Amino acid sequence: MKKIFGAAFMLLALAACNKNEGPSGGDTPGGGGDGKTNTPIVLSASTTSPVMDRDHQDDTALTLQWNATTNMGTGARVEYSILVDNKGGNFEAAYEISLGPAVTSYSCTALELNKIAKEEFGLENDQTGEFDICIYATIKSSEVDDVVSNVVTVTLKAFEPKPNILYLIGSATEAGWDLSKAPEMSPIEGEDGGFTWAGELFAGELKFMVTRDGWVPSYGKGDEEGTLYYRDHLWEDEDGNRVDDESLPHVDTPDPKFIIAEQGNYKIVLNIEKLTITITKTGGPKYFSMYTIGPALEEPYEMFRSSYAFLAGVTFKEGHFHFNVNADDSGDGYYAATAGQPLSSTAVSQTSNIEWAVSSAEAGMYHLYLYARENKEKAFIVPFTPYEQIWIVGSATDAGWDIANSIPMTKKNEWEQTWEGNLKAGELKFTCDCSTDWFGAWFLASTTNKVPTGEPEHMIFIDKASDAVAATGIKELDQKWIITDQTAGYYSITLNQQTETVVIKKN
């Protein structure tokens with residue numbers, strides 16, 4: 001933003017015109033022979049009433065053209081700017097578009113003009129305003145004045161643009177009602193106003209947002225099946241007129257939402273121009289929860305799910321166990337395929353009711369990988385020996401993502417490792433083998449972008465080089481902890497491989 005006080009601006013404009021006069025007072029550009037006269041800048045516009053609406057938002061709405069001026073024999077650089085102000089504002093608080101040297105034309109779309117009118121001058125949707133435009137040539141010399149063109153006045157009408165991005169929001173999404181984390185939809189190429197998204201939704205409510213910065217505009221459920229309702233303001237008075245000041249009497253505008261009745265994978269296709277939508281349940285995981293249960297465990301253990309795979313790190317005692325969708329053993333389950341089946345066998349059955357048996361000699365810690373994709377079910381029950389060394393890696397550490405220089409932790413006992421030091425804003429995770437291809441053994445966060453709580457929290461172990469991971473299709477699983485600018489500082493970390501917990505505590 002370049003501020004030019006009105007009186008000074010007008011004097012400069014007059015001076016620029018006067019400098020055009022030669023010795024005899026003539027109007028010949030560059031006349032006078034002293035090398036210190038200028039060439040006046042004459043600005044013209046392709047139109048003074050640009051077409052401003054969402055149907056033409058990407059079209060060129062206005063083209064400005066002007067001639068170059070001179071440096072008046074100073075040899076100095078000449079840089080051009082476009083100044084925009086409210087009509088009659090004398091450019092006291094002008095909006096400046098810096099162009100640099102040797103530029104004599106400028107074009108902008110209706111969307112670009114709309115942004116200037118709304119963000120710089122406060123124009124509201126459907127409101128019209130008149131704006132003065134001129135070209136300001138800055139001559140990088142103290143010997144001569146800058147040069148200002150004539151003023152062109154244009155009329156702009158602000159409008160609500162078509163969104164080029166759309167977000168899902170609601171209790172049916174992984175982000176819930178957290179706008180900052182709302183997942184993005186993808187534009188449909190070649191379809192004006194078309195967006196699509198595919199993924200997992202939970203039982204709950206759903207609508208669509210144009211921005212992550214506020215609760216309007218939004219699209220909810222229309223009155224007719226397969227239609228959208230557009231909401232562009234939050235409040236109305238009793239007569240249905242728009243209210244923008246919450247302190248005034250008002251009622252909330254309707255905010256209908258889509259209801260997702262059942263957790264599952266869905267595909268959404270919508271068009272905000274036609275106000276149409278389809279939400280289709282697609283194939284995907286048969287189950288969304290799984291527990292390891294039985295007398296071989298002290299209590300049921302909830303497994304981590306990644307698509308069709310369920311993971312757990314458990315310590316077995318002598319006894320029996322199986323997998324079940326519920327902790328109380330109700331509903332469907334997975335069992336050993338045959339009686340006496342060894343733990344090394346991957347065969348499973350949903351009807352045998354035969355539990356896996358753990359002998360006293362086999363008791364100990366295991367990592368479990370259950371693949372629950374229909375007709376491809378299998379289970380990997382893998383004995384676990386704690387790693388002698390764990391390392392920290394990530395952009396939150398001094399090592400960055402140079403895995404060869406990962407930061408070693410200190411072994412406290414067979415299962416625990418500790419570390420103290422500074423963490424900066426960034427990501428981190430724990431490597432068990434510093435595998436340079438990044439497909440080794442890891443301890444990962446339980447969710448994406450997990451902010452440390454300073455309390456014991458669950459980790460996920462995954463050996464990406466194992467047969468179990470290859471068979472279950474989760475090699476790309478990569479959830480990290482995140483340190484923010486606000487939480488950066490000196491930390492102590494205690495990692496327990498047996499309980500699969502970590503404490504990342506800021507001191």
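Enumerate the pairs (first residue in region 109-129 and over 16 Å from Pro217 (Cβ atoms); second residue anywhere and modelled with pLDDT under 95 and in a helix (DSSP H, G or I)) with beta-carbon separation below 6 Å, excluding pairs fewer than 6 apart on the same chain, so at least 6 apart or on different chains.
Correct list of pairs: Ala110/His56.
Here is a yes/no grid of residues against (1) within 26 Å of Pro342 (Cβ to Cβ); (2) more than 27 Å from the chain's Cα centre (by Cα); (3) outside the structural domain of Glu225 (by TED's automatic domain parsing); (4) not charged (D, E, K, R):
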{"residue": "Ile259", "(1), (2), (3), (4)": "no, no, no, yes"}
{"residue": "Asn265", "(1), (2), (3), (4)": "no, no, no, yes"}
{"residue": "Ile268", "(1), (2), (3), (4)": "no, no, no, yes"}
{"residue": "Lys274", "(1), (2), (3), (4)": "no, no, no, no"}
{"residue": "Ala296", "(1), (2), (3), (4)": "yes, yes, yes, yes"}
{"residue": "Gly319", "(1), (2), (3), (4)": "yes, yes, yes, yes"}
{"residue": "Phe323", "(1), (2), (3), (4)": "yes, yes, yes, yes"}
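Please go through region 467-478 and pick out each residue that is surrounded by 17 or more Cβ atoms within 10 Å (Cβ to Cβ) and more than 30 Å from the chain's Cα centre (by Cα).
Passing the criteria: only Ala468.
Can you pull out the residues in region 96-142 that are among the small types (Gly, Ala, Ser) and either assigned to a strand (DSSP E or B) or in contact with a Cys (Cβ under 7 Å, 6 or more places away or on another chain) (or both)?
Across region 96-142, the qualifying residues are Ser98, Gly100, Ser105, Ser107, Gly129, Ala137.
State all residues of region 37-67 that are buried (at least 20 other Cβ atoms within 10 Å of the Cβ), within 20 Å of Asn125 (Cα to Cα) and either among the charged types (D, E, K, R) or at pLDDT 95 or above (or both); if no residue qualifies, say none.
Hits for region 37-67 are Pro50, Met52, Ala61, Leu62.
What are the residues in region 69-84 that are touching a Pro at 6+ places or on another chain (Cβ under 9 Å) and aliphatic (A, V, I, L, M), if any?
Val78
Are any residues in region 151-187 over 24 Å from Ile259 (Cα atoms) and not in a strand (DSSP E or B), and if so, which ones?
Across region 151-187, the qualifying residues are Val151, Ala158, Phe159, Glu160, Pro161, Lys162, Asn164.
Looking at Ile392, is it within 31 Å of the chain's Cα centre (by Cα), of a type outside the set (Asp, Glu) and in a strand (DSSP E or B)?
Criteria met by Ile392.
Take Asp145 and tell me if it is assigned to a loop (DSSP other than H, G, I, E, B), without any contact (Cβ under 8 Å) to a residue 40 or more places away in the chain and under 24 Å from Asp85 (Cβ atoms).
No: the conditions fail for Asp145.
For residues in region 479-500 being surrounded by fewer than 15 Cβ atoms within 10 Å (Cβ to Cβ) and within 29 Å of the chain's Cα centre (by Cα), which is nearest to Gly364 (Cα to Cα)?
Applying the filter and picking the extreme gives Tyr490.
Restricting to region 72-89, what's the tally of residues that are at positive phi and surrounded by 15 or more Cβ atoms within 10 Å (Cβ to Cβ)?
Matching residues across region 72-89 total 2.
Just checking: which of the strands (runs of 3 or more DSSP E) contained wholly in region 256-307 hold 3 or more residues that are at negative phi and touching a residue at least 40 places away in the same chain (Cβ under 8 Å)?
So the answer is 258-260, 264-271, 276-281.
Among Ala396, Ala404, Ala361, Ala357, which is within 21 Å of Thr501 (Cβ to Cβ) and either aliphatic (A, V, I, L, M) or touching a Lys or Arg at 6+ places or on another chain (Cβ under 9 Å) (or both)?
Ala396
Given the options Phe430, Phe439, name the one that is more than 25 Å from Phe288 (Cβ to Cβ) and part of a loop (DSSP other than H, G, I, E, B).
Working: Phe430 fails: part of a loop (DSSP other than H, G, I, E, B).
On inspection, the qualifying residue turns out to be Phe439.
For region 408-426, name all the residues that are out of contact with any Leu (no Cβ under 7 Å at 6 or more places or on another chain) and buried (at least 19 other Cβ atoms within 10 Å of the Cβ).
Trp419, Leu423, listed by residue number.
The values are calculated or read from the model by the stated rules, or taken from the named source; none is laboratory data. On a predicted model such as this, the values are computed, not experimentally measured, just so you know. Methodologically, a virtual Cβ is constructed for each residue, glycine included, from the backbone with ideal geometry; neighbour enumeration extends over all protein chains shown.
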